[in-house]
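Quick note: the coordinates plus some simple rules give every number you see, no bench work behind them. A quick note: this is a predicted structure, and the numbers were derived from the prediction, not measured. Note that we place each Cβ from the backbone using ideal geometry, even for glycine, and neighbour counts take in every protein chain shown.
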Amino acid sequence: MSMINYASREINCKIVYYGPGLGGKTTNLEHVYGKVSPDTRGKLISLATETERTLFFDFLPVDLGTIRGFKTRFHLYTVPGQVYYNASRKLILKGVDGIVFVADSQIERMEANQEAMQNLYDNMSEYGYDLTRMPFVIQYNKRDLPNAAPIRDLQAALNPGWEVGDPSRMRNAPDPYHQGEQLVEQLTSGEWVERAPYFDAVAVNGDGVFDTLKAVSKLVLKSLA
Amino acid sequence: MPVGAASWSFTEDDFGAITKSLERFLFDSNARCALLVDRAGQLVATVGEKPKFDPTAFATLTAADFSANDQLAKLIGENDFNSLFHQGEKESMYLADIARRVILVVLFDNRTTLGLVRLKMKQTVDELSKLFEAVFKRAAGAGAPPNILAGADDEIDKLFQ
Ligand SMILES: Nc1nc2c(ncn2[C@@H]2O[C@H](COP(=O)(O)OP(=O)(O)OP(=O)(O)O)[C@@H](O)[C@H]2O)c(=O)[nH]1
Ligand SMILES: [Mg+2]
């Protein structure tokens, strides 16, 4: 639920990092916190267990610049990825403007990724939000590990494309982040599908962290324009 | 089905009316300060003594606290708890729901009492509920302030180059 405050001239938006436990959501926020200058970000709040697993959420506010005299403030949240924290995970989605799904690239985590994705769809639709029509990007994290699955397999499992129903959207849309690939395209079956933009990442080193954040923030602002 | 969460905005006039109502409440109740936070955790207004803590972090935790308690209420068969009270040795806080959209948080110390704060809060909650209902109704229909981002696609692209 983005909020435009005409008194303080601020646009506030909420972005949620979602995904399986230990996928690297908290690591994304920690990297942003460490890299952004202290006058454009606030405190990093982490409600975590003593073993550093997210219990309720992490929170980091960042300013990403000014548009038409309004400061754009993004509130970044992570959810707890562990399956049994679903009640608190769902609460964090309330009022969300954009989603980053942080997948764990390790082959062993394929099923956990798929369960988390299904859980995201379910929780969103319980709020009446349509994930396929809102700012949504996918991050394939832990690309540094030797047991990382090929991107093609991850795309097929987690981002196969949803059907495009609106005829005005049935035309090729090139993926600005991957040359030669399409975000919207027609399959050989004749069906039009759309996929979420995706990014490779090694969040522990910061690789791909800002690309992901910039992409989702841009989609959020465009959804308001 | 709506695409996602609706957007909302408030103008300087709204802000003026909110501030006036809260200032009167602080005067009458002798509380130290009042904060308004939306259900998504965004700080809407702060009135009274300037808080010494980080207000953005405070706003986020307030919304989380309130929504966790909402769920607890449902588990025990209540619709919601429309107010929450946290008592400290010196400082206490009282939280109240406004129109199911916004949370009013009042910080007070031993210069006043919970009874007085609660009593004076009733009228303020009513006033603010009316005000926010109007703001949200406007967000859903005509009369909303012009969208400042309309047609700003190029500027948005530039911001992220
Ligand atoms: N090798 C490698 N390890 C990573 C990477 N990103 C995160 N990790 C590690 O993975 C572990 C879990 O990361 P977190 O960021 O806490 O994961 P999370 O998604 O927040 O987990 P929950 O809070 O339980 O949902 C930590 O030990 C990180 O250091 C990566 O890109 N490569
Ligand atoms: Mg975490």
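Could you work out the relative contact order of the range B:5-159, using alpha carbon pairs under 8 angstrom and six or more residues apart, expressed as a whole percent?
With pairs under 8 Å counted, the relative contact order is 26 percent.
What does the C-alpha gyration tensor say about the overall shape of the range B:1-142? Classify as rounded when a/c is under 1.5, otherwise prolate if a/b is larger than b/c, or oblate.
Oblate, since a/c reaches 1.5 and b/c is not below a/b.
If I take R0 = 25 Å and measure r between the Cβ atoms of A:Glu163 and B:Ala150 in this structure, what FRET efficiency does the formula 1/(1 + (r/R0)^6) give, to the nearest 0.05?
0.25
Given the convex hull of the Cα atoms of chain A, what is a quarter of its surface area in nm²?
13.4
Counting partner chain Cβ atoms within 10 Å of every residue's Cβ in B:52-61, what's the average?
Numbers: counts 0, 1, 4, 1, 9, 7, 1, 3, 11, 5.
If you average over the peptide's residues, the count of other-chain Cβ atoms is 4.
Determine which residues of the range A:202-219 fall in the zone a paramagnetic label at A:Asn147 would reach in this model, i.e. backbone nitrogen under 19 Å from the point 7 Å along Cα→Cβ.
A:202-204
Using the Cα gyration tensor of the range B:40-99, with a ≥ b ≥ c the square roots of its eigenvalues, what is the shape: rounded (a/c below 1.5), prolate (a/b larger than b/c) or oblate (neither)?
prolate
Considering only chain A, what is the antiparallel percent among its DSSP beta bridges, to the nearest 5?
Within chain A, antiparallel bridges account for around 55 percent of the total.
Averaged across B:148-159, how many Cβ atoms of other chains sit within 10 Å of each residue's Cβ atom?
Per residue, the average neighbour count from other chains is 6.
Can you order the peptides A:109-121, A:24-36 by their average number of other Cβ atoms within 10 Å per residue, highest first?
In descending order of packing, they fall as A:24-36, A:109-121.
Stokes-Einstein at 25 °C, 0.890 mPa s, Kirkwood radius from Cα pairs: D for the range A:88-134 in µm² s⁻¹?
The estimated diffusion coefficient comes to 213 µm²/s.
Counting each DSSP H run of 4 or more residues in chain A as -39500 (n - 2.57), what helix-only mean residue ellipticity at 222 nm follows after dividing by all residues, to the nearest 500 deg cm²/dmol?
Taking each H run of at least 4 residues, the total per residue is -8000 deg cm²/dmol.
Step through the residues of the range A:145-161 one at a time and calculate ³J(HN,Hα) from phi using the Karplus curve (6.51 cos²θ - 1.76 cosθ + 1.60, θ = phi - 60°), rounding each to whole Hz and writing x for Gly and Pro.
Per residue, the Karplus-derived 3J(HN,Hα) values read 7, x, 8, 6, 6, x, 3, 4, 5, 5, 4, 5, 7, 10, 9, x, x Hz.
Apply 1/(1 + (r/R0)^6) to the Cβ-Cβ distance of A:Gln186 and A:Lys222, taking R0 = 25 Å, and write down the FRET efficiency to the nearest 0.05.
0.60
Residues with amide H under 5 Å of A:Tyr198's amide H, sequence separation 5 or more or different chain, H placed in the peptide plane at 1.01 Å from N; which?
Sorted by chain and number, the residues that satisfy this are A:Ile138.
Using modelled amide H (1.01 Å from N, peptide plane; none on Pro or chain starts), what sits under 5 Å from the amide H of A:Met134, excluding residues fewer than 5 places away?
none
Specify whether the C-alpha gyration tensor of the range A:107-206 places it in the rounded, prolate or oblate class, a ≥ b ≥ c being the square roots of the eigenvalues: rounded for a/c under 1.5, otherwise prolate if a/b is larger than b/c and oblate if not. The partial results should precede the final answer.
Numbers: a/c = 1.91, a/b = 1.33, b/c = 1.44.
It is oblate, given that a/c is not under 1.5 and a/b is not larger than b/c.
How high is the relative contact order of the range B:39-89, in percent, with contacts defined as C-alpha pairs under 8 Å that are six or more residues apart?
About 30 percent, as a whole number.
Provide a whole-number value for the mean count of partner chain Cβ atoms within 10 Å of the Cβ atoms in peptide A:63-75.
Mean partner-chain Cβ count within 10 Å for A:63-75: 3.
For the Cα atoms of chain B, what angle does the longest principal axis make with the long axis of helix B:12-29, in degrees from 0 to 90, nearest 10?
0
Can you compute 3J(HN,Hα) from phi for each residue in the range A:199-210, using the Karplus curve 6.51 cos²θ - 1.76 cosθ + 1.60 with θ = phi - 60°, rounded to whole Hz and x for Gly and Pro?
9, 7, 8, 10, 4, 4, 9, x, 4, x, 5, 6
Return the ratio Rg/(2.2 N^0.38 Å) for the protein assembly as shown, where Rg is computed over Cα atoms only.
Details: Rg = 21.8 Å, N = 386, 2.2 N^0.38 = 21.2 Å.
Taking N as the residue count of the protein assembly as shown, the ratio is 1.03.
Which of the pairs A:Lys14/A:Lys218; B:Lys20/B:Lys50; A:Lys14/B:Lys20; A:Lys90/A:Lys218; A:Lys14/A:Lys43; A:Lys94/A:Lys214 have their Cα atoms more than 20 Å apart in this structure?
Where the Cα-Cα span goes over 20 Å, the pairs concerned are A:Lys14/B:Lys20; A:Lys90/A:Lys218; A:Lys94/A:Lys214.
Could you work out [θ]222 nm for chain B from helices alone, using -39500 (n - 2.57) per DSSP H run of at least four and dividing by all its residues? Round to the nearest 500 deg cm²/dmol. Don't jump to the answer; show the numbers that get you there.
Working: 4 runs with 73 residues, N = 161.
Result for chain B, helices only: -15500 deg cm²/dmol.
Got a sec to turn the phi values of the range A:215-225 into Karplus ³J(HN,Hα) couplings, 6.51 cos²θ - 1.76 cosθ + 1.60 with θ = phi - 60°, whole Hz, x for Gly and Pro?
Result, ordered by residue: 4, 6, 5, 5, 4, 5, 4, 5, 5, 8, 7 Hz.
Search the structure for amide H atoms under 5 Å from the amide H of A:Asp175, placed 1.01 Å from N in the peptide plane, and list their residues when 5 or more places away or on another chain.
So A:Asp175 has HN proximity to A:Glu181, A:Gln182, A:Leu183.
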